[in-house]
Amino acid sequence: MVLESFIECLSKAVHVVDFGFKQQFNVGRRVTSDITVSDISVSRSQSHFQLVSGKVYLSDTNSKFGTFCMVKGLLPLNKPN
């Protein structure tokens, strides 16, 4: 999976997430995060990606303003029960 900064700025970044390495990646401003985002609008612990049964899940970790996700390409959705 490839993650790219949404805005044009000097600190724009691209992250390649390899789920063959580990099953869960933490995202946030903390330097100990698996994916570090250097932006004051991002919480220290913003969200995490997790691979479960071949599917990737994105969860907000109670960040102050929530987590925004813009997807380019195919995104299969399940019907609500």
Leading residue by the ranking (modelled with the lowest pLDDT) among those in region 41-56 that are farther than 19 Å from LYS22 by Cα and crowded, with 19+ Cβ neighbours inside 10 Å: VAL42
Flag if PHE49 is closer than 17 Å to GLY73 by Cβ, in contact (Cβ under 8 Å) with a residue 24 or more places away in the chain and part of a loop (DSSP other than H, G, I, E, B): no
Checking MET70 against (1) surrounded by 10 or more Cβ atoms within 10 Å (Cβ to Cβ); (2) touching a residue at least 12 places away in the same chain (Cβ under 8 Å), the condition it does not meet: (1)
Residue tally, condition in a loop (DSSP other than H, G, I, E, B) and either in contact with a Leu (Cβ under 8 Å, 6 or more places away or on another chain) or in contact (Cβ under 8 Å) with a residue 24 or more places away in the chain (or both), over region 52-62: 1
Meets criteria (among the charged types (D, E, K, R), loosely packed, with under 12 Cβ neighbours inside 10 Å and free of Cβ contacts under 8 Å to residues at least 40 places away in the same chain) for ASP34: no
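The values are calculated or read from the model by the stated rules, or taken from the named source; none is laboratory data. Every value quoted in this text rests on a predicted model; they were computed, and no experiment measured them. Virtual Cβ from ideal backbone geometry, glycine too; neighbours counted across all protein chains shown.
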